[in-house]
1. With respect to the numbered conditions (1) over 25 Å from Ala168 (Cβ atoms); (2) out of contact with any His (no Cβ under 9 Å at 6 or more places or on another chain); (3) buried (at least 22 other Cβ atoms within 10 Å of the Cβ), which one is the sole condition not fulfilled by Ala68?
2. Can you work out which of the residues in the range 240-250 that are out of contact with any Asp or Glu (no Cβ under 9 Å at 6 or more places or on another chain) and in contact (Cβ under 8 Å) with a residue 24 or more places away in the chain is most open to solvent (accessible area, probe 1.4 Å)?
3. Could you list all residues from the range 36-77 that are touching a Ser or Thr at 6+ places or on another chain (Cβ under 9 Å), aliphatic (A, V, I, L, M) and within 27 Å of Ser247 (Cβ to Cβ)?
4. Determine whether Val85 is surrounded by 16 or more Cβ atoms within 10 Å (Cβ to Cβ) and outside any helix (DSSP H, G or I).
5. Quick check on my filter: what residues within the range 172-202 are under 17 Å from Ser89 (Cβ atoms) and among the polar types (S, T, N, Q)?
6. Looking at Asn124 and the list (1) open to solvent by 10 Å² or more (accessible area, probe 1.4 Å); (2) more than 14 Å from Ile213 (Cα to Cα), which single condition is not satisfied?
7. Taking the condition in contact (Cβ under 8 Å) with a residue 40 or more places away in the chain, under 19 Å from Gly236 (Cβ atoms) and in contact with a strand residue (DSSP E or B) (Cβ under 6 Å, 6 or more places away or on another chain), does Gly91 pass?
Amino acid sequence: MRADGLDLRVGRRGSGPPLLLLTGIGANIEMWQPFQRLVRGREVIAVDAPGTGRSERPRYPMRMGGLAGVMSALLDELEVSRSDVLGYSFGGLLALELAHRAPEKVRRLVLCATAQGLPVVPPNPLPALMLMTPARYYHPRLLKLMIPHIAGGRTRRDPDQVELQAGARLLSPPHLLGYAYQLYAASGWTSVPWLRGVTQPSLIIAGDDDPIIPLANPRIMARLMPTAKLRVVKGGGHLFLIDEPESVIEDIHAFLED
């Protein structure tokens, strides 16, 4: 589907009120499968971000505001006037930016394994360095080496999780330049000056074993956002929506149906 001058790969399934899923950095829509199969009573809309999966890479890098503009244009093309939005990691930044710039298009926010941007409590150095490269999307050995350090939680504790996730992750790796563009979009980004103005009802979900997003950051977000609730996943890592979606799906359903 074409939106804001870019060809985007979009998946739609189910029926009911729309739920837009915004993925983590470099991710493709196949990676949503463990979570998506548990969603009920919703039309789920998933999209490969520009430069990832099978979506077109923009000619020039965009900041987060530009990417939010693409998502807003996509909703227009889909004839979705208002949607719930679930943002995961990098997708959480994008979801916040969309809610800030086009508040009339976002009914409720679910923010998973994400942060408020600068100032931020930094992640552990090793997984942060590993996140700077898309290598884990390109070779199963690199995936096996890197992802337990990046993910923490169940993926680190259970060796079978890497194999279970490998097929979807390796299927449509991001463009190298597209991944770099996403790093550029996130670098220096912050929501802090306007976060109190995000008034959509919001559910923040965070794992307490996330090497990338220390729990202090979601706690800061919950304090700054006037309508936010925080749910902490005990033992949850950065990939709890993929490696243990059953631990949070009922919380998400209850929040969206409230």
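The values are calculated or read from the model by the stated rules, or taken from the named source; none is laboratory data. What you see is a predicted model; the values in this text were computed from it and never measured. Note that each Cβ is placed from the backbone with ideal geometry, even for glycine, and that neighbours are counted across all protein chains shown. The protein model used for the area step is the full one, side chains on, heavy atoms only, and it has no ligands, DNA or RNA in it. Shrake-Rupley method; radii C 1.70, N 1.55, O 1.52, S 1.80 Å.
1. (2)
2. Glu246
3. Within the range 36-77, Ile45, Ala46, Val47, Ala49 qualify.
4. Here the answer is yes, as Val85 does meet what is asked.
5. Across the range 172-202, the qualifying residues are Gln182, Ser187, Thr190, Ser191, Ser202.
6. Just one mismatch for Asn124, condition (2).
7. It is true that Gly91 is in contact (Cβ under 8 Å) with a residue 40 or more places away in the chain, under 19 Å from Gly236 (Cβ atoms) and in contact with a strand residue (DSSP E or B) (Cβ under 6 Å, 6 or more places away or on another chain).
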